[in-house]
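Peer 1: One structure coming up, written as structure tokens, with questions to follow.
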Amino acid sequence: MAVGEMKTVEWRGKPVWILKRSPEMVASLKKTDGVVADPKSERTPDALTPAYARNEHRSIKPEYLVAVGICSHLGCSPTSKFAEGAQPNLPDDWAGGFLCPCHGSTFDLAGRVFKNKPAPDNLEVPRHMYLSDNKLIIGKDEKGEA
Ligand code: FES
């Protein structure tokens, strides 16, 4: 995948995003650390975050985000808003992320929900593992099937 590219694949009828974050995108997670509700996914239920995603970038490899593209509020599909800066429905200091159009929840580039939004949790990171540098399996990890 190219740097900055996002692919959506289907897994068990759900959209799963695979985003190859640029170094700038990874760096933006430092900026959003203080304004997201659960920075290290500590309170996000186990079913939504395997142990290897309980970190700032919510992933095994810092550059790859693998997340289910379904809002943890009422299940709408957030849209990608990767451009930084002021734009409709987003704060002026927007660092890139996702916007759920249904009730305005926003998520950063690690799928971490911002504070004081209707969505209660970060986006789900499905169990996954790398078979090689560019091959990924979703729904299964070293511990077995999801
Ligand atoms: S479904 Fe996403 S904010 Fe309500």
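Every number in this text was worked out from the coordinates using simple rules, so none of it is lab data. Because the structure is a prediction, the values reported are computed rather than measured. Cβ placement follows ideal geometry from the backbone for every residue including glycine, while neighbour counts extend to all protein chains displayed.
Peer 1: Which longest uninterrupted range of the chain lacks any GluC sites (Glu not before Pro) assigned by DSSP to a loop state (not H, G, I, E or B) and surrounded by at most 13 other Cβ atoms within 10 Å?
Peer 2: 43-141
Peer 1: Moving on to the next point. Mind checking which of Phe114, Phe82, Phe98 has the largest fluctuation in a GNM of the chain, springs on alpha carbons under 10 Å?
Peer 2: Phe82
Peer 1: Can you give the relative contact order of the stretch 6-145 as a percent, counting alpha carbon pairs under 8 Å and 6+ residues apart?
Peer 2: Over the stretch 6-145, the number comes to 24 percent.
Peer 1: Let me ask something additional. Once you treat every alpha carbon in the stretch 34-114 as an equal point and sum by Debye, what is log10 I(q)/I(0) at q = 0.13, 0.16 Å⁻¹?
Peer 2: Rounded to two decimals, the profile gives -0.38, -0.58.
Peer 1: How large is the charge dipole for the chain, taken about the Cα centre, if only the Cβ atoms of Lys, Arg (+1) and Asp, Glu (-1) carry charge, to the nearest 20 debye? Display every interim value, and only then the final one.
Peer 2: Values: 20 positive and 19 negative charges, 43 e Å.
So the dipole magnitude of the chain works out to roughly 200 debye.
Peer 1: Mind checking which lysines have their Cα closer than 17 Å to the Cα of Lys135? Skip sequence neighbours fewer than 8 apart in that chain.
Peer 2: Of all the lysines, those that pass the test against Lys135 - Cα under 17 Å, at least 8 places apart if same chain - are Lys7, Lys20, Lys61.
Peer 1: Across the stretch 88-137, what fraction of all alpha-carbon pairs, as a whole percent, falls in each successive 5 Å bin from zero upward?
Peer 2: The calculated distribution, bin by bin, is 4, 18, 24, 18, 12, 9, 10, 5, 0.
Peer 1: Could you tell me the distance between the Cα centroids of the stretch 8-26 and the stretch 55-109, to the nearest Å?
Peer 2: For the stretch 8-26 versus the stretch 55-109, the Cα centre distance is 11 Å.
Peer 1: Compare the Cα positions of Leu90, Thr44, Gly139 along the charge dipole of the chain (+1 at Cβ of Lys, Arg; -1 at Cβ of Asp, Glu; about the Cα centre) and return the one farthest towards the positive end.
Peer 2: Most positive-ward Cα: Gly139.
Peer 1: Hey, can you rank 85-95, 67-77 by average C-beta count inside 10 Å, highest first? Please report the intermediate quantities before stating the final value.
Peer 2: Values: 85-95: 12.5, 67-77: 18.4.
With the highest mean Cβ count within 10 Å placed first, the list reads 67-77, 85-95.
Peer 1: Report, in degrees rounded to the nearest 10, the 0 to 90 angle that the Cα long axis of helix 23-32 makes with the longest principal axis of the chain.
Peer 2: Result, in degrees: 60.
Peer 1: In whole Å and largest first, what semi-axes does the C-alpha gyration tensor of the chain yield when each eigenvalue is scaled by 5 and square-rooted?
Peer 2: Taking √(5λ) for each Cα gyration eigenvalue gives 22, 17, 14 Å.
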